[in-house]
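Working notes, beginning with the structure itself.
The values are calculated or read from the model by the stated rules, or taken from the named source; none is laboratory data. Note that the structure is predicted; figures quoted are calculated from it, not measured. All Cβ positions, glycine included, derive from the backbone under ideal geometry; neighbour counts span all protein chains shown. The accessibility values were calculated without ligands, DNA or RNA, using every heavy atom of the protein model including side chains. Shrake-Rupley method; radii C 1.70, N 1.55, O 1.52, S 1.80 Å.
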Amino acid sequence: MKQPDDQSKWATASQEPEPSTRRNFLARAAATGAAAAAMGMLAQKTEAQTAAESAGANGCEAGVAPLRPPEIERCAALPATRADFSAKPMTGAQLFANLCKDEELAGFFLCPGNYSIANELAQVGIPTFGGRTEGGMCAMADGFSRASNEVVACSGTEGPGFCHMTMNIAAAHFANTPMLVLASNGTMGAEDTQTFLQFMQQQPVTSSIRKYGKRIIMPTRIYEYGATAFRQVRTGVPGLAHLDFPRETYAMTFKDASEVVRMFNKNQYRSDTRPAPSAKELATAVSMITKAERPVLVAGHGVYWREAYDVLLKTAERHEMCIVGSGPTRGHVPDDHRLDGSRSTSALMSADLVVFVGQYLMPAVGDYTFPVGVPTIRVHPEQGDLGHNWPVDLGIVSDEKLFLEALGNALPNKKRAAWVNEIASAKKKQDEKELATVQTALGYSQSTGLLHPSTLCKEVHDFLYTGSIDPKQTLTGYGSNLVGAHAGRWLRGFRPGQEIVTYYQFGAMGPDLAMMIGSGAAIQAGLGPQKAYKGAPTLVITGDAGMGFTLMELDTATKYRIPVICVVYNNNCWGMHFTAKQTPKAEQLYMFQENIRYDKIAEVLGARGEYCKTQEQLRDALARAYKAAEHENASTLINCQGHKDFSLSDKYPGMGGFGPEPGVRAQMH
Amino acid sequence: MNSHKGGAVSHAAAETRRGPRRRQPQAADWSNAPAQVLTRYAERGVFRSFTAFPQSGSRAAFCMRWHKDRYFDFIVDGTLKTIRVPVVLPNVAPRSAMHRDYRQFLEGFQGGELPVHRSIDQRKCFLKCMNRLGSLSIVVEVRDGDYAYATEKLLAVIHETYLLFLQLGGYADYMVQHLGANPDWGK
């Protein structure tokens, strides 16, 4: 795994207009890095900022518009420094920062607070991002990790900041994000005295939403517990570790290494060994798969985390197995692969064998669209989860990549023409049905003069995947209940990590924009599976309800020049207002002020704003937004005005039901 | 496998107790085969719970807790050579669009639209859908005495009803209102 050396890649942007090609992205990314290293740039303005300044537009007084703070470039140009015992005693915070650096922590997202730890992590050269709220930055860290496949950290201050993070800690936990949650937490000396310390017991709060947690109360063990946290997040099934630091730990000074206990090298405190399938288990699996006529392999989160996507495709192709991706990211099973079953829901019901590989969160029987009582093989890195929720006929404890490699070597070549045809036929029928839904929605849009969410999502699909843009280029995600139901149908993952399932499992409403800004930071740096598309824009489809949670983080995106196109479906309400059908007095609870101009708020925050009511306006707005993202690293919020009644199926029927799983719309598993 | 069901007495149990006495058919397969199939699925964890009621005359009854945490009664009649599930979908108005859609969905199993491995061989059994007081029920007429086949097919049809018909057919509101699905996620 690699990590960027410093923060310069977020400090500047190319000013040269270029067409949207993968080659140009690579070239631009290289030039960006070189330029940033060479200069300590003053704050630059985007075209949007310049225009706002000169015109006094968007509520800004003439001559006053948001400016990127000069500290962004200035700090990026400064060398990273690592404390050691040679010059002066080290603090606990410095010891912890060195540990994070040695562990190649790829990114650190915080809202200021937990100052000693946060500042030392930045100083030691870990790419660090400061933003507006702890919750937003926690979601950003989660998104960064989901897109980059790297370990990440977020931080908040004491009780209030930590509490603000909680929703997004849970979202990260249920996505098995390898993340450190770091929070300062009062002093042990004043614990239980009700002194104004913003103190609370943090660990009980995360006890059900973490893999590992520890309040570090012995200063000499700060390194040891930090190492334990990294061991926990990186090994087995990845997960989240929460450390809270009383002042006595991070502020303690140590004269030399002898004062710190168990300060081992990472090669001693953890191991990279992985379990492999036994010969007998492998032979049984090969026999079951070979005998099956219609096998389906569900490639879960573990396939992505272990970067086993290439061997997955090789193995599936060799034996013509249907493959379906699952987990908090999509694309490790490409949506355009001939064996992909993610839009062949009906065909999945024909499976006569299901092989789960790396499915960290198992559905219950009946949650997945497979035949009743279908024989099942499950491959998982930890024995304790085999048989959980879904009965298994063969359980194999194995690393996902090692299993797929062994399986690929052991399986004979096999053609399954009838099965492949059935998958293709089901996909064709499902696609035709989705297109019919769009046609119905188009009628609704035309009759109301407002954008229906189905129309919106199909337009985004056509823009990203059927025009001049490389379909694999743009990183996407979606949130919101109403528009999300349509976005899942039309956003695509053609390569690993291309689509982030922001809702995954926990279903948190609102963090999607922040999460995708974090994902955007990963693609800007070209980390992990994003490497080939370094510098490409990120697009998120979300709803107006979600805007209440993380809209302010557009300031963070603009500050760091992370180009995010945020398409907001604005229906003036919480889409679930139909739940008040039988209690009409409650309907007002779901309403916002109508016609709120989120695009104008974006402009005030230094991003671009677009406002659309028709398909054609959206098409043009997307083109302008993408151009600005490519050429100025500018973010854009596209406010798409919809109608609150579009979520009422009695008035506007024909929009389909809940999303079947596994498949393109899967959010729960 | 007998697991405690709890709650109200099921239709199956009531019908078994109250049903008219009929001459028991010669072949015992009419009760054994469904029992074996259902027990096998129960042991594989398909159902959350499963109860086989004591046989009564030519009737055998079973009850399982299954999709959407609902109880499904299976009533096998050895004289009529049928297997009946009285409530597959509740609260469906007779002659409603949903009723029509569901009939069409069921016809797909017998009309050659599905692959052979999912379709129903009409020489072996025949599927009928009825609406009784707003509940959609399915009756399978067993034509060749292969009760195991009929049971397997009936289970598959109900399974596909909940995973394909409802999920893909635009019945989100129905699932929320009548099956207790969460309006946000459908579960």
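Along the Cα→Cβ direction, 7 angstrom out, place labels at A:Arg318 and A:Lys415. What is the inter-label distance in nm?
It works out to 1.9 nm between the two label points.
For region B:60-73, what does the Karplus curve 6.51 cos²θ - 1.76 cosθ + 1.60, with θ = phi - 60°, yield as ³J(HN,Hα) per residue in whole Hz, taken in order and with x for Gly and Pro?
Coupling constants for region B:60-73: 10, 9, 9, 9, 9, 8, 9, 4, 6, 6, 9, 8, 10, 9 Hz.
Pop out the ³J(HN,Hα) list for region A:304-320 in order, Karplus 6.51 cos²θ - 1.76 cosθ + 1.60 with θ = phi - 60°, rounded to Hz; leave Gly and Pro as x.
6, 4, 8, 6, 9, 5, 5, 5, 4, 5, 4, 5, 5, 5, 4, 10, 6
Report, by chain and number, residues whose modeled amide H sits under 5 Å from the one on A:Met668, excluding near sequence neighbours (fewer than 5 apart, same chain).
Under 5 Å from the amide H of A:Met668: A:Gln505.
Can you check what the net charge comes to around A:Asn114, using other residues whose Cβ is under 12 Å from the Cβ of A:Asn114 (Lys, Arg +1; Asp, Glu -1)? Intermediate values should be presented prior to the final figure.
Numbers: positive: A:Arg247; negative: A:Glu120, A:Glu134, A:Glu158, A:Asp244.
Neighbourhood net charge equals -3.
So which lysines can B:Lys81 reach, going by Cα to Cα under 16 Å and dropping same-chain residues fewer than 8 places off?
B:Lys124, B:Lys128, B:Lys153
Which value at 222 nm does the protein assembly as shown reach when only helices count, each DSSP H run of 4 or more adding -39,500 (n - 2.57), with the total divided by all residues and rounded to the nearest 500 deg cm²/dmol?
On the way: 28 runs with 314 residues, N = 856.
Estimated from H runs of four or more residues: -11000 deg cm²/dmol.
Among A:Gly373, A:Ser425, A:Val397, which residue has its Cα furthest toward the positive end of the charge dipole of region A:365-498, with +1 on Lys/Arg Cβ and -1 on Asp/Glu Cβ?
Positive-most Cα among the choices belongs to A:Ser425.
Sticking with the crude label model, points 7 Å out along Cα→Cβ, report the distance from B:Ser49 to B:Gln104 in nm, one decimal please.
3.8
Using a simple charge model, +1 on the beta-carbon of Lys and Arg, -1 on the beta-carbon of Asp and Glu, nothing else, what dipole does region A:158-258 show about its Cα centre, in debye to the nearest 20?
380
Output the relative contact order of chain A, whole-number percent, from Cα pairs under 8 angstrom with separation of 6+ residues.
About 15 percent, as a whole number.
Let's see if you can work this out: charge +1 on each Lys and Arg Cβ, -1 on each Asp and Glu Cβ, no other charges. What is the dipole magnitude of the protein assembly as shown about its Cα centre, in debye to the nearest 20?
The dipole magnitude comes to about 2500 debye.
Just to verify a number: what accessible area does A:Met188 come out at with the full protein assembly present, 1.4 Å probe, Å² rounded to tens?
For A:Met188, the solvent-accessible surface is approximately 60 Å².
Counting Lys +1, Arg +1, Asp -1, Glu -1, what net charge surrounds A:Pro246 among other residues with beta carbon under 9 Å of its beta carbon?
Result for the neighbourhood of A:Pro246: -1.
Enumerate the calculated ³J(HN,Hα) couplings along region A:438-452 in order (Karplus 6.51 cos²θ - 1.76 cosθ + 1.60, θ = phi - 60°), each rounded to whole Hz, writing x wherever the residue is Gly or Pro.
Rounded to whole hertz, the list is 4, 4, 4, 5, 4, x, 5, 4, 5, 6, 9, x, 10, 7, 7.
So for B:Arg44, A:Arg146, B:Arg123, what's the accessible-area order with a 1.4 Å probe, most first?
Result, largest first: B:Arg123, B:Arg44, A:Arg146.
Throw me the Rg/Rh for chain A, computed over C-alpha atoms with Kirkwood Rh, two decimals.
Dividing the radius of gyration by the Kirkwood radius yields 0.97.
Of A:Pro584, A:Ala623, A:Phe549, whose Cα points farthest to the positive end of the dipole of region A:524-669 (charges on the beta-carbon: +1 Lys, Arg; -1 Asp, Glu; origin at the Cα centre)?
The residue sitting most towards the positive pole is A:Ala623.
Using a 1.4 Å probe, how large is the accessible area of A:Thr542, given in Å² and rounded to the nearest 10?
0
Let me know the mean shielding of B:155-162 by other chains, meaning the per-residue number of their Cβ atoms within 10 Å of its Cβ.
That average works out to 3.
What figure in square angstrom, to the nearest 10, would you give for the accessible area of A:Lys644 with a 1.4 Å probe?
Ignoring ligands and nucleic acids, A:Lys644 comes out at about 60 Å².
Show B:Lys128, A:Lys280 ordered by accessible area, largest first, where the area counts protein heavy atoms only and the probe is 1.4 Å.
A:Lys280, B:Lys128
Residues with beta-carbon under 14 Å from that of A:Val420, excluding A:Val420: net charge, scoring Lys, Arg +1 and Asp, Glu -1?
Here the count lands on +3.
Among A:Pro453, A:Pro334, A:Gln202, flag the residue with its Cα farthest along the positive direction of the charge dipole of chain A, charges on Cβ as +1 for Lys/Arg and -1 for Asp/Glu.
My answer, from the dipole projection, is A:Pro334.
Could you state the number of Å between the C-alpha centres of region A:236-266 and region B:142-185?
54
How big is the dipole moment of region A:494-574 about its Cα centre under a simple scheme where the beta carbon of each Lys and Arg is +1, that of each Asp and Glu is -1, and everything else is neutral? Debye, nearest 20, please.
Computed about the Cα centre, the dipole is about 400 debye.
As a test of understanding, state the convex hull volume per residue of region A:362-466 from its alpha carbons, in Å³.
Taking only Cα atoms, region A:362-466 has a hull volume of 194 Å³ per residue.
Quick one: of A:Lys427/A:Lys585; A:Lys291/A:Lys428; A:Lys214/A:Lys531; A:Lys211/A:Lys644; A:Lys427/A:Lys472; A:Lys101/A:Lys534, which pairs are farther than 32 Å apart, Cα to Cα? List each step's numbers first, then the result.
Details: A:Lys427/A:Lys585 44 Å; A:Lys291/A:Lys428 27 Å; A:Lys214/A:Lys531 34 Å; A:Lys211/A:Lys644 40 Å; A:Lys427/A:Lys472 20 Å; A:Lys101/A:Lys534 23 Å.
Check vs 32 Å cut-off fails for A:Lys427/A:Lys585; A:Lys214/A:Lys531; A:Lys211/A:Lys644.
How large, in Å, is region A:513-597 by the Kirkwood hydrodynamic radius built from its alpha-carbon pairs?
Radius from the Kirkwood sum: 14.6 Å.
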